[in-house]
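Taking it in order: structure first as structure tokens, then the write-up.
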Amino acid sequence: MTKHKFPEEIYIAYAVCRNCNNNEFIVDGQTQICNNCKELLFRTDERIYVLNKKDIQQGKKDILSKNEIVFPEKILVGYATCSTAANGEEVVIKDQVICQQCEEQMVIEDTAMYFYSNKTYKCPICGYEGLYFPPDNSYETCPNCEFDFTSYNDEGAINEYKEKWDKKQNEQN
């Protein structure tokens with residue numbers, strides 16, 4: 001039994017340090033400080049992980065990203081606190097415990113295992129069924145029609161792109 005409430009779903013990002021070339025997996029939105037040189041990390045790709053293994057689609061296994069990064073099938077995440085910084089608590093990958101506020105070592109108080117979510121989503125433009133994130137919460141670009149989902153909340157942009165996509169498809173047929 002865990003002492004802390006872990007989220008049902010988290011985003012794990014692959015991050016690279018441009019200063020020392022270290023690379024590591026991080027919980028997206030949390031500590032983004034390099035464990036080697038304490039400089040900022042830059043995310044290059046991310047995937048969704050779930051706390052409950054039963055939420056994984058059976059028979060689907062795709063852990064290779066578009067950048068050929070192999071995401072682990074499961075990852076141990078910890079609830080970490082910092083004794084120095086006020087509000088210094090966060091969910092982190094077990095071995096990556098540098099406080100983003102004061103850059104001191106944090107203490108892991110509790111852990112939980114997360115599992116790679118192989119769930120995919122459908123592109124509302126072309127119907128491609130391999131998107132890793134829900135279109136309304138994504139920075140992803142569809143590999144099929146190249147729609148950039150950062151403008152997903154702009155209904156005019158969606159309609160315009162869909163019309164262009166449909167026209168292009170009709171011309172090819």
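FYI, it's all coordinate maths here, none of it is from the lab. This structure is a prediction, so every number in the text was calculated from the model and none was measured. Note that each Cβ is placed from the backbone with ideal geometry, even for glycine, and that neighbours are counted across all protein chains shown.
Counting only Cβ charges, +1 for Lys and Arg and -1 for Asp and Glu, the dipole size of the stretch 83-173 around its Cα centre is about 480 debye. Distance between the modelled labels on ASP166 and THR111, one decimal in nanometres: 5.3 nm (7 Å Cα→Cβ projection).
Compute for the chain: radius of gyration divided by Kirkwood radius, i.e. Rg/Rh, restricted to C-alpha atoms, rounded to two decimals. Answer for the chain: 1.05. Only helical runs count toward this figure. For the chain, summing -39,500 (n - 2.57) over DSSP H runs of n ≥ 4 and dividing by all residues gives -3500 deg cm²/dmol at 222 nm. When VAL27, VAL107, VAL97 are arranged by Cβ crowding within 10 Å, least crowded first, meaning fewest neighbours, the order is VAL107, VAL97, VAL27. Comparing ASN35, ASN21, ASN118 in a Gaussian network model of the chain where C-alpha atoms under 10 Å apart are linked, the largest mean-square fluctuation is found at ASN21. Between ASP136 and CYS102, the contour length at 0.36 nm per residue exceeds the Cα-Cα span by 8.8 nm. Near CYS34: Cβ cut-off under 12 Å, other residues only, Lys/Arg at +1 and Asp/Glu at -1. The net charge is -1.
Applying a threshold of 18 Å to the alpha-carbon distances of LYS3/LYS94; LYS119/LYS167; LYS38/LYS74; LYS53/LYS119; LYS5/LYS94; LYS5/LYS119 flags LYS119/LYS167; LYS38/LYS74; LYS5/LYS119 as lying beyond it. When the chain is described by a simple charge dipole with +1 on each Lys and Arg Cβ and -1 on each Asp and Glu Cβ, the residue from SER83, CYS20, ASN173 located farthest towards its positive end is ASN173. Rounded to the nearest 20 debye, the dipole size of the chain about its Cα centre is 520 debye, using +1 on the Cβ of Lys and Arg and -1 on the Cβ of Asp and Glu.
When only alpha carbons are used to place a centre, the stretch 1-53 and the stretch 123-145 end up 23 Å from one another. Only one residue of GLY29, PHE115, GLY127 has its Cα farthest out toward the positive end of the dipole of the chain, where Lys and Arg carry +1 and Asp and Glu -1 on Cβ, and that residue is PHE115.
Seen against the Cα atoms of the chain and their longest principal axis, helix 155-172 is set at about 50 degrees.
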